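Working notes, beginning with the structure itself.
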Amino acid sequence: MPSACDSLLDDIEDMVTSHDPTPHERQFARRNIVPRPRKHQLQPAGEELQTDSVIPGTQKIWVRTWGCSHNSSDGEYMAGQLAASGYKITENPSDADLWLLNSCTVKNPAEDHFRNSIKKAQEQNKKVVVAGCVPQAQPRTEYLKDLSIIGVQQIDRVVEVVDEAIKGHSVRLLGQKKEKGKRLGGARLDLPKIRKNPLIEIISINTGCLNACTYCKTKHARGDLASYPIEELVERARQSFQEGVCEIWLTSEDTGAYGRDIGTDLPSLLWELVKEIPEGAMLRLGMTNPPYILEHLEEMVRILQHPRVYAFLHVPVQSASDSVLMDMKREYCCADFRRVTDFLQERVPGITIATDIICGFPGETDEDFEQTMELVRQYRFPSLFINQFYPRPGTPAAKMEQVPAHMKKQRTKELSALFHSYKPYDHKIGERQRVLVTEDSFDSQYYVAHNKFYEQVLVPKKPELKGKMVEVDIYEAGKHYMKGRPVEDAQVFTPSIAQPLQKGQVSGLPQVSLLDRLSLARSTPVFILKKANSVFSPLSLSLSLSLSLSLFYFMVCQGSSEI
């Protein structure tokens, strides 16, 4: 007779009963809980702390993210919560005590990098916590054995998981958040975060999608569509501008499908968001699949014409062959994609249409591939993401008859050669353009700016230009960029309504004056650590005050009503 312990148990968060509180009740309760301070034991001056255990919250964490902008936003949120809880976020992996690896499952190479990073961390005796789409989609993979995992809907609990990992425990939070049987969008949008670029806020407007593409592994991780309410997204944008952000990116697995699960749509959201955009700041739309953008073409034209919205849209076609699209289960034909592109190009002159193409999908013939080549010849896309097909384990496409590897490589090479045969920006030399400067170039020799059409313009690396809207004269053009010379005596416009946060500073933390800090320390004796018959040194007292302030910040970020 089998033992009661023989069967495999699901993750503990999936084991619920009718008597358990609902996710909504648990979330409401969490917002009204006063977190306990970390019990750091202070020692008298000159006395070493003798302990056989680790104290969570005192370590350095290295956060590495692969993949899309949605993943990048998740990584920023996790870093922010850890910093607000006392951990130090470092950019030096060798200096870190724990590596937080946030994965992408779109392509084999991305997962290979993720797997290799885990191995490297273990070789260096680093603690490891994994997050993102790979562990969410396949948590029982052998190389993830015994590792702590944060599910894509559980990033608001990263501190708990890291605390336990620091102590040597393995914790897995993979449950899905639901309310009244309906899947929620994910973690709260008002969590603290550390923006990789203090000038750019990435907002996930929904998670998951409505499609069932046969090649996609992300669906296994992100699930079905779950949209955030418009008012929460608007509030997040408003907060971002109050922290000096001058550019917002909207992201999700499919922005065009936004709202279909909650009775609204993408244009309704966008019209509310543009009301909050300060003059000179810009909004960039994320990827949208053809079926959903088709429903809103007229409205999208008006939005893309708005002076504070980039005339840019990423619409993946994947293949120009209807036969291949059918095997992919893309739910549109090439004529639909052409209709979207033609309609937008006619009514929004100069618009940038970016697209994706997969080379060598199972069953793709030479004729199918030639149709794709012809599409690129016709539209000469200035931004084209070319992907060689990789069969992802567990997807229907992985079980289909594969195109030979050498043929996939050859088609990828041919399409890349076609893409590099034309220069989309040469005709713009001599133009005067208004650009928003937001980033450093890869070689650190220039600042990167973008014009109304989200075309990349390199400008001189002068600190007074960063985060500003400036006029430039285009004097040179390459395949992926233009170079601009600032116009002398032209007005430099500052779009931010506040001073941007410093790099590495946590978003969402209140600014507290020194007098407020001293007052707070006197009025919160629960945080003052005492030890009988001991006299604290000034350093110990300073540390006690620092711990009190850190906890105060953390409580505010968690929305506590007990402060």
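The values are calculated or read from the model by the stated rules, or taken from the named source; none is laboratory data. Please read these numbers as outputs of a predicted model, since none were measured by experiment. Areas reflect the complete protein model, heavy atoms only, side chains present, ligands, DNA and RNA absent. Shrake-Rupley method; radii C 1.70, N 1.55, O 1.52, S 1.80 Å.
Take the stretch 427-486 with all the other protein chains still there, run a 1.4 Å probe, and you get 48 Å² of accessible area per residue. Given in Å, the Rg to one decimal and the Dmax to the nearest whole number for the Cα atoms of the stretch 291-379 are 14.0, 44. The accessible surface of the stretch 182-423, taken with every protein chain in place and a 1.4 Å probe, is 52 percent carbon and sulfur.
The three principal axes of the Cα atoms in the stretch 427-486 give end-to-end lengths of 29, 22, 17 Å, sorted in falling order. Ligands, DNA and RNA left out, the accessible area of the stretch 427-486 computed with a 1.4 Å probe is 49% carbon and sulfur. For the residues Lys275, Lys60, a 1.4 Å probe over the protein chains yields an accessible-area ranking, largest first, of Lys275, Lys60. Using only alpha-carbon positions in the stretch 378-467, the gyration tensor eigenvalues give semi-axes of 37, 18, 12 Å once each is multiplied by 5 and square-rooted (largest first).
Over the C-alpha trace of the stretch 307-446, radius of gyration and Dmax come out as 17.3, 53 angstrom. All C-alpha pair distances within the stretch 224-274, sorted into 10 Å bins from zero, spread as 24, 55, 20, 1 percent across the bins.
Distance check, please: which entries in Lys219/Lys452; Lys145/Lys399; Lys60/Lys503 exceed 24 angstrom between their Cα atoms?
Lys219/Lys452; Lys145/Lys399
Quarter the surface of the alpha carbon convex hull of the stretch 109-268 and you get the mean projected area, 11.1 square nanometres.
The convex hull defined by the C-alpha atoms of the stretch 60-177 has an orientation-averaged projected area of 6.6 nm².
Of Lys88/Lys275; Lys120/Lys479; Lys107/Lys413, which pairs sit farther than 27 Å apart, going by alpha carbon to alpha carbon? Where the Cα-Cα span goes over 27 Å, the pairs concerned are Lys88/Lys275; Lys120/Lys479. Seen from a random direction on average, the alpha-carbon convex hull of the stretch 182-234 projects onto 5.0 square nanometres. Rounded to the nearest whole Hz, the Karplus-based 3J(HN,Hα) values (6.51 cos²θ - 1.76 cosθ + 1.60, θ = phi - 60°) of the stretch 203-220 follow the sequence 10, 7, 8, 7, 10, x, 8, 9, 8, 9, 4, 6, 9, 8, 9, 4, 4, 4, with x at glycine and proline.
On a per residue basis, the stretch 182-423 carries 37 Å² of accessible surface, using protein heavy atoms and a 1.4 Å probe.
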